[in-house]
Amino acid sequence: MLDAVTIEILWSRITSIVDEAAKVIIRTSFSTLSNEANDFACVLTDAMGQSLAQNTGSIPSFIGTLPATVRHFLGEFGPDSPEGGMQDGDVYITNNPWQGTGHLPDVCVAKPVFHNGRLVAFAAACSHVPDIGGMVRSVEPREVFEEGLHIPLMRFMRNGVADATLIKLLRTNVRTPDQTLGDIWALVGAVELMARRLVTTLE
């Protein structure tokens, strides 16, 4: 059993990890949606996708749905996946409104965190990107196909290498490719940082 002081130290450390990841998004995102409007969230979950911590400035709609999105990634890419399961260096992405946050402009990424070869946690982040194609005003679409490009549950990175075909598709289907991809890379930077910091804490 851990004593109360140790628990508080570890809890403060985990909270500081998600808050530092939020700073990464604010510093590196390309659009004001993240660096001024704060329309994003960072979350750490356990290996089963249950929420552990979220950044202190996160919005409820994202922190409530990100753990569920992680569990969808687990179902798609877990141990029984025909693609070989999750590996260190993977990053997953989706904007599926039923498995993500509710509409296509919200892009979610998640990274499995391994320690001593064992899956121990997930680092996840989500933000409203500046454009995802479709109709300009997000309140006007009457069906999901009018909202823009739908990204199913898929790998954004495998063994640390980004999917060039997916990136090309994203750039081709949005009005602001540099801003949109810049914001997605900011999310990737945030989950990579959370994973590194958590492994350091465990060690």
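The values are calculated or read from the model by the stated rules, or taken from the named source; none is laboratory data. Not measured: the values here are computed from a predicted model. All Cβ positions, even for glycine, are placed from backbone atoms using ideal geometry, and neighbour counts span all protein chains on display. These accessible areas exclude ligands, DNA and RNA; they are computed on the full protein's heavy atoms, side chains included. Shrake-Rupley method; radii C 1.70, N 1.55, O 1.52, S 1.80 Å.
Whenever a residue of the range 1-30 is touching a residue at least 12 places away in the same chain (Cβ under 8 Å) and over 16 Å from Ala125 (Cβ atoms), its partners that are open to solvent by less than 60 Å² (accessible area, probe 1.4 Å) and assigned to a helix (DSSP H, G or I), lying with C-beta atoms within less than 8 angstrom and at least six residues away or across chains, give the pairs Leu10/Thr201; Arg13/Thr201. Considering only residues that are among the hydroxyl-bearing types (Ser, Thr, Tyr) and in a helix (DSSP H, G or I), look in the range 56-93 and name the one that is nearest to Trp185 (Cα to Cα). That would be Thr69.
When the range 151-177 is examined, which residues are found to be assigned to a loop (DSSP other than H, G, I, E, B) and in contact with a helix residue (DSSP H, G or I) (Cβ under 7 Å, 6 or more places away or on another chain)?
Within the range 151-177, Leu153, Val174 meet the criteria.
Residue by residue, here is whether (1) open to solvent by 10 Å² or more (accessible area, probe 1.4 Å); (2) more than 19 Å from Leu153 (Cα to Cα) holds:
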| position | (1), (2) |
| --- | --- |
| Ala21 | no, yes |
| Arg27 | yes, yes |
| Leu33 | yes, yes |
| Glu36 | yes, yes |
| Gly57 | yes, yes |
| Ala68 | yes, no |
| His72 | yes, no |
| Glu76 | yes, no |
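Those residues that are of a type in the set (A, V, I, L, M) and either farther than 23 Å from Val24 by Cα or open to solvent by 10 Å² or more (accessible area, probe 1.4 Å) (or both), I need them from the range 105-144; list them, please. Answer for the range 105-144, where residues must be of a type in the set (A, V, I, L, M) and either farther than 23 Å from Val24 by Cα or open to solvent by 10 Å² or more (accessible area, probe 1.4 Å) (or both): Leu119, Val120, Met135, Val136, Val139, Val144.
Restricting attention to the range 148-159, which residues are open to solvent by less than 40 Å² (accessible area, probe 1.4 Å) and in contact with a Gly (Cβ under 6 Å, 6 or more places away or on another chain)? Result: Gly148, single match.
In the range 94-117, the residues that are more than 19 Å from Gly189 (Cβ to Cβ) and in a loop (DSSP other than H, G, I, E, B) form Cβ pairs under 8 Å with partners that are open to solvent by 40 Å² or more (accessible area, probe 1.4 Å) and at pLDDT 90 or above, at six or more places apart or across chains, as follows: Asn96/His72; Asn96/His150; Asn96/Pro152; Gln99/His72; Leu104/Leu149; Leu104/His150.
For the range 153-181, what are the residues that are under 14 Å from the mean Cα position of the chain (by Cα) and under 22 Å from Gly102 (Cα atoms)?
Residues satisfying the conditions are Leu153, Met154, Arg155, Phe156, Leu181.
Regarding Val188, is this residue assigned to a helix (DSSP H, G or I) and closer than 11 Å to Val91 by Cα? Against the criterion (assigned to a helix (DSSP H, G or I) and closer than 11 Å to Val91 by Cα), Val188 qualifies. Taking the numbered list (1) aliphatic (A, V, I, L, M); (2) open to solvent by 60 Å² or more (accessible area, probe 1.4 Å); (3) in a strand (DSSP E or B) in turn, Ala53 passes all entries but (2).
A single entry from Val43, Val18, Val113 fulfils the requirement of being in contact with a strand residue (DSSP E or B) (Cβ under 7 Å, 6 or more places away or on another chain) and under 24 Å from Glu147 (Cβ atoms): Val43.
The lone criterion from (1) part of a helix (DSSP H, G or I); (2) surrounded by fewer than 20 Cβ atoms within 10 Å (Cβ to Cβ); (3) at pLDDT 95 or above left unmet by Met48 is number (1).
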